[in-house]
Structure formats: structure tokens, C-alpha cells
Amino acid sequence: MRRRHFLTLSSTAVGGLLVFTLEREPMRVHAQTDRRIRVPLRFFDEREALIVAAAAARIFPSDSIGPGAWEAGVIVYIDRQLASPFGRDKNRFTQPPFEEGVPEQGYQGKATPREIYGDGLALLGRDFDRLTPDQQDAKLRTIETTYFFRLLRQNTIEGMFCDPMHGGNVDLIGWQIIGYPGPYMSWADHIDQHYGTPFRPKPRSLSDVLGRKVKPWEDEA
């Protein structure tokens, strides 16, 4: 059993209240004090988590549109997925022969997502998170044809726009950026209420809609 690891984050990075205007301009309201939050890691150790988080933050950086992968807690999403049956390829046929296949068939290799990330960490290097953004971009360009990079990019996007129950999309950041309202079950209360006025509903997670905590599939496995 691995020793328990934690990732220490700033509450001003992931814990403040994010507010978007109707013009989609982001504004984050921070707490009065900058608390430190220790997030328990299920798969990575802290050094590995910082490296992957830095790589994801270059794939989906914060900019004038809004916060990016770091602020959305994408690393927590990736860590939880790799610790789940997905990480060990429980639901994928993994018997030989292992052929390249066509793109429509998806990944046909032998390595599990956990093993792919292990190889990817070696490609990035132990000091990746300490490089400048330009240096990180240059490093990522050297590996952008690898399956690790494609998987990391896919997981980064998933972590940005998943339901927060899975660990990413903190404060519904991703949904606010694209204007997705969440899994509303009915719009009956809004009918005939917004004629002639802009309407941007506040995003709601599945837990918000149901009024109770929902256990994600990776916790049930």
C-alpha cells in the first residue's frame, strides 16, 4: 500500500467564489485570508501531481476568458480517474495481439492509463513544474505526438467540464466559461419570465439539482 500523499493548494487558487457576468467576464471573489488546503491524493504522490498539474495548466491555461486547468482542479480529476478501474483498464479488452489499428478504433496498445502516465512523467522530467511557461510549452511540443500527450489532453478537457463530483470543474468554472447550465431537470419555472432580457442561468451540478450528494462512479467501484 502506498503512503498517503496530499497536494497542498491555495484557497485563492481553487476555493474562492467565481462569478461570471452575462458578458461572460470572469470575476473571482477570494476569501479574506489565503488558507492552505490539503487535498488527499489517491494515485499520484505530491511531486507527480505537481508535474501533471503544470502540464494540464499549459494545455488549458487561464487567460482573459477565464480560469484554466489549475483553478478548475483538473489534477484532482485525473488523480481520481487513475486510481479508479479506468486507471487499470478494467473495462477495456487488453489481450494480444496489439496492433496499431485505425484512429476510429481508439487506443489499441497494451499499457494501462496508469502505465501511460508513468511513462509520461518520465518524458516530462522531475522538474517540469519548475520550468518557465515557455520552457514547459517547448517540452510539451516534443511529446505532442505521443499517446500520453493525447490522453493528458483528453483528461484535461474532461476535468475542466465534468460534473464537480468527479473532482474537477471547481466552482463550475468550466460550465460558466461555456455557458452550460448543468443537468436541469425542467425549465418550467423560467417559461415566460425573460422576454427581452438576457438570460444566463446559474450552472447547477447534479448534486445541486437533486439536493443531495451524489457518489461518482469511481467511488462506487
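When peptides 40-50, 157-167, 189-199 are ranked by their average number of other Cβ atoms within 10 Å per residue, the highest-first order is 157-167, 40-50, 189-199.
Overall, the anisotropy analysis places segment 79-174 in the oblate class: the square-rooted eigenvalues a ≥ b ≥ c of its C-alpha gyration tensor yield a/c not less than 1.5, with a/b not exceeding b/c.
Considering only 179, 191, 161, the residue lying farthest towards the positive end of the dipole of segment 139-200 is 161, judged by Cα position with unit charges set on Cβ. Placing one equal scatterer on every Cα of segment 112-221 and applying the Debye formula, the log10 ratio I(q)/I(0) at q = 0.12, 0.15 Å⁻¹ is -0.63, -0.83. Taking a ≥ b ≥ c as the square roots of the eigenvalues of the Cα gyration tensor, segment 49-93 is prolate, since a/c reaches 1.5 or more and a/b is larger than b/c. Packing, taken as the mean count of other beta carbons within 10 Å per residue, orders the peptides 126-135, 68-77 from highest to lowest as 68-77, 126-135. Answer rounded, prolate or oblate for segment 110-166, using the Cα gyration tensor with square roots of eigenvalues a ≥ b ≥ c: rounded when a/c is under 1.5, else prolate when a/b is larger than b/c, else oblate. It comes out oblate by the Cα gyration axes.
Between segment 106-175 and segment 41-105, what's the alpha-carbon centroid distance in Å? A separation of 5 Å, based on Cα centres.
Identify, among 61, 95, 72, the residue whose Cα sits farthest towards the positive end of the charge dipole of segment 61-126, taking +1 on the Cβ of Lys and Arg and -1 on the Cβ of Asp and Glu, with the dipole about the Cα centre. Going by the charge dipole, the pick is 95. Summing Cβ point charges (Lys, Arg +1; Asp, Glu -1) relative to the Cα centre of segment 28-128 gives a dipole of roughly 480 debye. Heavy-atom accessible surface of segment 53-146, averaged per residue, reaches 56 Å², computed with a 1.4 Å probe. The charge dipole of segment 115-216, taken about its Cα centre with unit charges on the Cβ atoms of Lys, Arg (+1), Asp and Glu (-1) only, comes to about 180 debye. A probe of 1.4 angstrom, applied to the heavy atoms of all protein chains, finds residue 217 with accessible area near 110 square angstrom.
The values are calculated or read from the model by the stated rules, or taken from the named source; none is laboratory data. Note that the structure is predicted; figures quoted are calculated from it, not measured. Please note: Cβ atoms are built from the backbone with ideal geometry, for glycine as well, and neighbour counts cover all protein chains shown. Accessible surface is based on the protein model in full, side chains and every heavy atom, while ligands, DNA and RNA are left aside. Shrake-Rupley method; radii C 1.70, N 1.55, O 1.52, S 1.80 Å.
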